[in-house]
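The values are calculated or read from the model by the stated rules, or taken from the named source; none is laboratory data. As the structure is a prediction and not an experimental result, all values here were calculated from the model. With ideal geometry, Cβ positions are generated from the backbone for all residues, glycine too; neighbour counts draw on all protein chains shown. In case anyone asks, the SASA skips ligands and DNA or RNA and just uses the protein heavy atoms, side chains included. Shrake-Rupley method; radii C 1.70, N 1.55, O 1.52, S 1.80 Å.
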Amino acid sequence: MSWSLCRVSAALLRQTGPRRGALLLTGCRWQSQGSASSEHLEKLVKKDKVVVFIKGTPAQPMCGFSNAVVQILRMHGVEEYAAYNVLEDQDLRQGIKNFSNWPTIPQVYLNGEFVGGCDILLQMHQNGDLVEELKKLGIRSALLDAAPSQEKK
């Protein structure tokens, strides 16, 4: 799935589905909580070029999917990004799921836009879309530097 298609799919998921009303109602309930209000979450995802909500920390991921996201970013040389540990704050954990209308953690945001979870980031990594999206953010993927040296071997 291309990056654009991922964004369209995420947007459609936010607008449709049998639970839309429930999500909006839930959204109203959690908006009053400090760590998970929609305004607070919007500030968090827009504060940095790359933002991830994971279980654990980049130094110590607490699930395989979160670890995979951290490793993909590391392979691309993305060192400066915001990482939020949802295990430390249950309001944040549920709030980000409601905010994105995406049921699982980890969640990845690039330039304030929801990308998806581990599976989508992995797919973007595999098909080269992640290199292009990082380039749009002014981040040069370390894989671009590694590729020529591997070809010489």
Inset, instruction - Mind giving me the nanometre distance, one decimal, between the label points for K43 and Q90, set 7 Å out from Cα along Cα→Cβ? - result: 2.5
Legend entry - Nearest-0.05 FRET efficiency for R140 and M62, computed from C-beta distance (R0 41 Å): 0.85
Legend entry - Length released on extending from Q126 to N111, taking residue separation times 0.36 nm less the Cα-Cα span: 3.3 nm
Legend entry - R93, R140, R74, ranked by accessible area, largest first (probe 1.4 Å): R140, R74, R93
Inset, instruction - Note down the net charge around A68, summing +1 for each Lys or Arg and -1 for each Asp or Glu among other residues with Cβ under 15 Å from its Cβ. - result: +1
Inset, instruction - Could you tell me which of N111, Q126, A83 has its Cα farthest along the dipole of the stretch 78-153 towards the positive end, charges placed at Cβ (Lys, Arg +1; Asp, Glu -1), taken about the Cα centre? - result: Q126
Inset, instruction - From largest accessible area down, sort H40, H125; use a 1.4 Å probe on the protein chains. - result: H40, H125
Legend entry - Sequence of E133, E88, E39 from largest to smallest accessible area, 1.4 Å probe: E88, E39, E133
